[in-house]
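Structure first, then comments.
The values are calculated or read from the model by the stated rules, or taken from the named source; none is laboratory data. Just so it is clear, the structure is predicted and the values come from calculations on it, not from any experiment. Every residue, glycine among them, receives a Cβ derived from its backbone with ideal geometry; neighbour counts consider all protein chains shown. For the accessible areas, the whole protein counts, side chains as well, though only heavy atoms, and no ligand, DNA or RNA atoms are used. Shrake-Rupley method; radii C 1.70, N 1.55, O 1.52, S 1.80 Å.
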Amino acid sequence: MGDLTLGASDKEQSIAVDINAQGQMAGIIEDDDGHQRAILFDKRPIELGTLGGNEGFTKAINARGDVVGTSQDARGYWRAFIVPYGGKMRDIGTLGGNSSYGAAVNDHGHIAGYADTTDGYYRAFSADGDKAPVDLGTLGGKISYAAGINNHGDIVGTSAMMDGYRHAFLYQAGGAMQDIGTLGGRSSSATAVNDNGMVVGASETAGRRWHAFVWDQGKMTDLGALIGYGDSFATAVNNAGHVVGSIRIGDERRSFVYRDGKMTVHPGGHGLYLVNAINNQELVIGARSTGNKFHAATMISSQPAVETHGGQDLLMAAALVVTTAVGVVIYKRRYRGIRLPFNVSA
């Protein structure tokens, strides 16, 4: 495991949230006052600015280098944005309300996120180019949130049901929102989908624990049962079906990698505290925790997670051997002022 230099000083925190095939990264830097800055790392850190407010954060980057995230505007509202590579930040808009949040972007520039409507309820949306966001509906309740999108335009997220509980959904372009169920509990949430239609996330079990899952062709596999302890949350999946996520045991967090039918759990201190993305060449990014601060970090999923030094050298060396993509989810603890869609991992 190696640290990444995103341009943060020793007094700041940094998190890597996504990475593409060119080794460009989307990230977040946060200062001691809790102010967040959206960062594109393209051989050097580039601050992306805001929509007129004080703060912003990134969420995803695609193969073209387009970055999606959320920024405060001049009025203080949070608004979803896209920054085309080499271009200027653009407000994606809302569904009639004041706020929106950018969650994911595919290689064609199609965006997924969620926004409030005129009646004050958040709804999952898709947005294509300069067109206005499209409301994806719900599973019968009043709210929904999109979290991931693949290159076919399939979108995943979480929606309220008629009974008030929230379930993971899969929305396929031109179709309707599909409930992908739970692991026997009342609630579930989906965080990412790969180009083969595999969905990952977390679900409550019949025993009221939260377990990571992978859903493929109608079958949900309980990854938490393979781990055997703690609450677990899958955050990303690559096109080979390799899944990464986090395990919570009290106040301790560990990372896991599920690949080729085998589960690997990294002992405390030897993995990532926050796991946000895995690309098609098995580079995993997120953050490690040192004291009370986060520092952007990377590891290669197919190798044992060990402490290394010179993290930037590690990233550049990996970029020579592999190419990279994908990302989403668990950084929730300091998104000040943001209404988070669900809170299975806080």
Please find, within region 92-119, the residue that is surrounded by the fewest Cβ atoms within 10 Å (Cβ to Cβ) out of those that are of a type in the set (D, E, K, R) and out of contact with any Ser or Thr (no Cβ under 8 Å at 6 or more places or on another chain).
ASP119
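Any residue in region 255-270 that is hydroxyl-bearing (Ser, Thr, Tyr) and either over 30 Å from GLN24 (Cβ atoms) or not in a strand (DSSP E or B) (or both)?
No: region 255-270 contains no residue that is hydroxyl-bearing (Ser, Thr, Tyr) and either over 30 Å from GLN24 (Cβ atoms) or not in a strand (DSSP E or B) (or both).
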Count - residues of region 92-129 that are at pLDDT 95 or above, closer than 18 Å to GLY76 by Cβ and of a type in the set (Gly, Ala, Ser):
6
Hey, GLY76 of a type outside the set (A, V, I, L, M) and free of Cβ contacts under 8 Å to residues at least 12 places away in the same chain or not:
no
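Looking for something buried (at least 18 other Cβ atoms within 10 Å of the Cβ) and over 22 Å from SER302 (Cβ atoms) - is there at least one such residue anywhere in region 237-256? Quick ask: steps written out before the conclusion?
Going through region 237-256, the residues buried (at least 18 other Cβ atoms within 10 Å of the Cβ) turn out to be 237-238, 242-247, 253-256.
Those still in the list that are over 22 Å from SER302 (Cβ atoms) too: none.
The answer is no; no qualifying residue exists.
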Single unsatisfied condition, THR308 versus (1) modelled with pLDDT of 70 or more; (2) in contact with a strand residue (DSSP E or B) (Cβ under 6 Å, 6 or more places away or on another chain)
(1)
Which members of region 205-233 meet the condition of being open to solvent by less than 60 Å² (accessible area, probe 1.4 Å) and of a type in the set (Ser, Thr, Tyr)?
THR205, THR221, SER232
Unmet criterion (only one of (1) farther than 26 Å from HIS266 by Cβ; (2) assigned to a strand (DSSP E or B)) for LYS43:
(2)
Among the residues of region 60-77, the number that are open to solvent by 40 Å² or more (accessible area, probe 1.4 Å) and not hydrophobic (A, V, I, L, M, F, W, C) is 3
Test set (1) out of contact with any Leu (no Cβ under 6 Å at 6 or more places or on another chain); (2) without any contact (Cβ under 8 Å) to a residue 40 or more places away in the chain; (3) in a strand (DSSP E or B) - ASP119 fails condition number
(3)
Pair list, Cβ < 8 Å and 6+ apart or interchain, from region 176-202 residues that are touching a residue at least 40 places away in the same chain (Cβ under 8 Å) and open to solvent by 10 Å² or more (accessible area, probe 1.4 Å) to residues that are among the polar types (S, T, N, Q) and part of a loop (DSSP other than H, G, I, E, B):
MET177/THR138; VAL193/ASN150; ASP195/ASN150; ASP195/ASN151; ASP195/ASN239; ASN196/ASN239; GLY197/ASN150; GLY197/GLN217
Condition check: of a type in the set (A, V, I, L, M, F, W, C) and over 14 Å from VAL200 (Cα atoms). Does VAL134 satisfy that?
yes
Output yes when any residue across region 76-86 is of a type in the set (A, V, I, L, M) and in contact with a Phe, Trp or Tyr (Cβ under 6 Å, 6 or more places away or on another chain), and no when none is.
yes
Please give the number of the condition ALA80 fails out of (1) surrounded by 24 or more Cβ atoms within 10 Å (Cβ to Cβ); (2) not polar (S, T, N, Q); (3) not in a strand (DSSP E or B).
(3)
In region 142-169, how many residues are farther than 14 Å from GLY113 by Cα and open to solvent by 20 Å² or more (accessible area, probe 1.4 Å)?
10
Taking the condition in contact with a Phe, Trp or Tyr (Cβ under 9 Å, 6 or more places away or on another chain), more than 22 Å from GLY27 (Cα to Cα) and among the hydroxyl-bearing types (Ser, Thr, Tyr), does THR221 pass?
yes
For region 55-71, state whether one or more residues are in a strand (DSSP E or B), without any contact (Cβ under 8 Å) to a residue 24 or more places away in the chain, among the polar types (S, T, N, Q) and touching a strand residue (DSSP E or B) at 6+ places or on another chain (Cβ under 7 Å).
no
Kindly indicate whether any position in region 167-190 is assigned to a loop (DSSP other than H, G, I, E, B) and of a type in the set (Phe, Trp, Tyr).
no
So, in region 257-277, how many residues would count as being out of contact with any Ser or Thr (no Cβ under 9 Å at 6 or more places or on another chain), within 14 Å of LEU223 (Cβ to Cβ) and open to solvent by less than 60 Å² (accessible area, probe 1.4 Å)?
2
Just to be sure I understand, how many residues within region 207-243 are of a type in the set (Gly, Ala, Ser), without any contact (Cβ under 8 Å) to a residue 60 or more places away in the chain and outside any loop (DSSP other than H, G, I, E, B)?
5
